[in-house]
1. Mind giving me the nanometre distance, one decimal, between the label points for H83 and K69, set 7 Å out from Cα along Cα→Cβ?
2. Pop out the carbon and sulfur fraction of the accessible area of region 9-79 as a percent, whole number, probe 1.4 Å.
3. Which stretch or stretches of region 62-105 have amide N atoms under 13 Å from the point lying 7 Å from N49's Cα along the Cα→Cβ direction?
4. Work out the charge dipole of region 1-156 with +1 on the Cβ of Lys and Arg and -1 on the Cβ of Asp and Glu about the Cα centre, then indicate which of G22, F128, L145 is farthest towards its positive end.
5. Grab every C-alpha pair in region 48-152, bin the distances at 10 angstrom width from 0 up to the longest one, and report whole percents.
6. If you stretched the chain out fully between E217 and A10, how much longer would it get, using 0.36 nm times the residue separation minus the C-alpha to C-alpha distance?
7. Which whole-number value in Å³ per residue fits the convex hull of the alpha carbons of the chain?
8. Rounded to the nearest 10 Å², what accessible area does T174 show when all protein chains are kept and the probe is 1.4 Å?
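The values are calculated or read from the model by the stated rules, or taken from the named source; none is laboratory data. Being a predicted model, the structure only gives us computed values, none of them experimental. For neighbour counting, all protein chains shown are included, and Cβ atoms are generated from backbone atoms with ideal geometry for every residue, glycine included. For accessibility, only protein heavy atoms count, side chains too; no ligands or nucleic acids. Shrake-Rupley method; radii C 1.70, N 1.55, O 1.52, S 1.80 Å.
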Amino acid sequence: MYTYKYPHAALTTDSVVFGFDGRRLFVLLIERGLEPYKGDWALPGGFMNMDESVEECARRELQEETGIKDVYLEQFHVFSSVHRDPRERVVTVAFLALVRKSEYQLIAGDDAAEAQWFELDELPPLAFDHHEIIKLARERLQEILRTRPIAFRLLDEKFSMSELQRIYEAINGTTYDRRNFARKMASTGLLRDEGVSSTPSHNRCPNLYSFDEEQYESDCAEPGARNPFDV
């Protein structure tokens, strides 16, 4: 049997899971139950097994440490600074995940003592280089938002125009004029009118919409097609 005589790095995955509560953007963190950084907050992730791909590793670790499964995952960067992990030479493949925060009950497990949502702009001190990973994940999320309508993965199936505007503002770190934003979204022809909400908001019942994903796939998902939701 051939053995490789040169030193080589270990491989891990880390997942930046974004959630939205209708007003604010959140990131899912776990409290580490083991050294190094025991008791500190970190991204869910861990070492890849020899019989799995990096995506399989990311999905397994996410489910083992938080209870979340069957979510949208997208690989966005490899972090390979020499001293990023005090245990050994470790390279991590980072994934971006989008979930509807209200749909998932977090269950800490494996080597995580606790799993918890934190507002993106109010994160605690983090282990390893995870602040850097989250920063780059947000930048990547902004890039994707300009080319694909991924904001709808963070919203409930039915949503108000105000909620849609707030998710764009939370991701991009800016504000939009309410009328102009609503006019732009309505002009896409890809929002279905779902009637009036039964739950009042600010003393009124807002109109609800849903994303017509089938129509979008038919009209706009061609390579090089313009994203009609780009603001």
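1. 4.1
2. Heavy-atom surface of region 9-79 belonging to carbon and sulfur, 1.4 Å probe: 47 percent.
3. 62-64
4. L145
5. Computed distribution, short to long bins: 12, 40, 41, 7.
6. 70.6 nm
7. About 158 Å³ per residue, rounded to a whole number.
8. Solvent-accessible area, nearest 10 Å²: 60 Å².
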